[in-house]
Amino acid sequence: MFYVVFSDKQRLMMETPGDRLKEAIRKRGFETVAAFADRHHLNKMTVRAHANGQNGLSAKKAEAYADALGVSPEWLLYGKSEPLELPENDKDAALFMVEHAQLTRERPLTPSEKLAVVQEMEAVIAKARGRKAPQD
């Protein structure tokens with residue numbers, strides 16, 4: 001099983017939803033909030049505003065971010081509950097994340113877009129799990 005795991009010290013430092021959003025994005029292997037927004041076809045300014053605490057995080061947005069990041073909306077909003085469990089198989093985990101990330105989109109991914117995102121997410125998940133990334 002694969003979880004996003006935070007130490008007690010990290011949990012104490014993440015006092016706001018924005019702090020938790022930024023940390024979950026980092027834990028998922030994205031170097032920046034903008035990289036996460038690009039990968040999930042989200043508006044960079046909106047994600048940045050949520051991550052920096054400029055805009056409040058609605059329950060609907062928290063659910064969409066949580067699904068994309070593999071954490072619970074309750075954790076993003078309130079710092080409570082445990083992160084979501086991802087399937088053990090890297091490809092299944094990537095598919096899970098892509099399917100749930102589509103909730104944040106105005107239009108569904110085309111089949112070719114979905115395949116590209118799944119392949120990239122599979123590589124990120126494999127790296128996070130200490131495995132070699134799959135070859136094309």
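The values are calculated or read from the model by the stated rules, or taken from the named source; none is laboratory data. Model, not experiment: these values are computed from the prediction. Counting neighbours? That spans all protein chains shown, and the Cβs are built from the backbone with ideal geometry, glycine included.
Yes/no per residue for (1) at pLDDT 85 or above; (2) among the small types (G, A, S); (3) surrounded by 17 or more Cβ atoms within 10 Å (Cβ to Cβ); (4) assigned to a loop (DSSP other than H, G, I, E, B):
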site	(1), (2), (3), (4)
F6	no, no, yes, yes
R11	no, no, no, no
A35	yes, yes, no, no
M45	yes, no, no, no
Y65	yes, no, yes, no
P83	no, no, yes, yes
M97	no, no, yes, no
Q102	no, no, yes, no
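Looking only at residues of the range 15-33 that are touching a helix residue (DSSP H, G or I) at 6+ places or on another chain (Cβ under 6 Å) and among the charged types (D, E, K, R), we find that the one that is modelled with the lowest pLDDT is R28. Look at the range 100-122: where a residue is under 15 Å from A37 (Cα atoms) and a partner is at pLDDT 80 or above and assigned to a helix (DSSP H, G or I), sitting 6+ places away or on another chain with Cβ atoms under 6 Å, you get H100/D67; A101/A68; L103/A64; L103/D67; T104/A64. For the range 12-51, residues that are at positive phi and of a type in the set (S, T, Y) total 0. Listed by first and then second residue, the pairs with beta-carbon distance under 9 Å, at least 6 apart or on different chains, first residue in the range 59-81 and farther than 21 Å from V124 by Cβ and without any contact (Cβ under 8 Å) to a residue 24 or more places away in the chain, second buried (at least 22 other Cβ atoms within 10 Å of the Cβ) and among the aromatic types (F, W, Y), are P73/Y65; S81/W75.
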